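To keep things clear, I will list the structure first and then write my remarks on it.
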Amino acid sequence: MILAPALLVGAHLTMTVADPIPSFNVEPSCRAAASGSIGIKQDLSACLEDEKGAREQLAKEWSGFASEDRGLCTRLSKTGGSPTYTELLVCLEMARDARKLPKDGTVGSGR
């Protein structure tokens, strides 16, 4: 019978597990960029370094982005081809910055 009260006391103590930064294989996207098939040709090693840098930036800022933005941007990054950390980071930054805009649609000093 002692177990039941302990369960009631601990029932409200749920731990939220933070969603981790997704793991992307960026090599297909970088190979496509290196071949020029998706636009401007980019050096493969430069692309991989850019993606490494974007992943490191995400690691620093991940918990600061809204959970719903992390989910949405992760899904969007996986849509229509090989995902990249650069794409995910830009999506999250834009979503964060959009949240800072005035809610009434005014911009600037509003004379």
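Here are the numbers:
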quantity	calculated
Pairs, first under 25 Å from Asn25 (Cα atoms) and outside any helix (DSSP H, G or I) in segment 80-102, second open to solvent by 70 Å² or more (accessible area, probe 1.4 Å) and polar (S, T, N, Q), C-beta under 8 Å, six or more apart	Ser82/Asn25
Test: residue in segment 57-79 that is hydroxyl-bearing (Ser, Thr, Tyr), within 17 Å of Cys91 (Cβ to Cβ), out of contact with any helix residue (DSSP H, G or I) (no Cβ under 7 Å at 6 or more places or on another chain) and not in a helix (DSSP H, G or I)	yes
Residue identified as of a type outside the set (Val, Ile, Thr) and at pLDDT 95 or above among Ser109, Ser82, Ser67	Ser67
Test: residue in segment 38-51 that is assigned to a helix (DSSP H, G or I), among the hydroxyl-bearing types (Ser, Thr, Tyr) and over 9 Å from the mean Cα position of the chain (by Cα)	yes
Identity of the residue in segment 47-87, of a type in the set (A, V, I, L, M) and farther than 19 Å from Lys100 by Cα, that ends up most open to solvent (accessible area, probe 1.4 Å)	Leu76
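The values are calculated or read from the model by the stated rules, or taken from the named source; none is laboratory data. What you see is a predicted model, and the numbers here were worked out from it, not measured in a lab. Positions of Cβ are generated from backbone atoms using ideal geometry, with glycine treated the same way; all protein chains shown enter the neighbour counts. Surface accessibility is based on the protein's heavy atoms, side chains included, excluding ligands, DNA and RNA. Shrake-Rupley method; radii C 1.70, N 1.55, O 1.52, S 1.80 Å.
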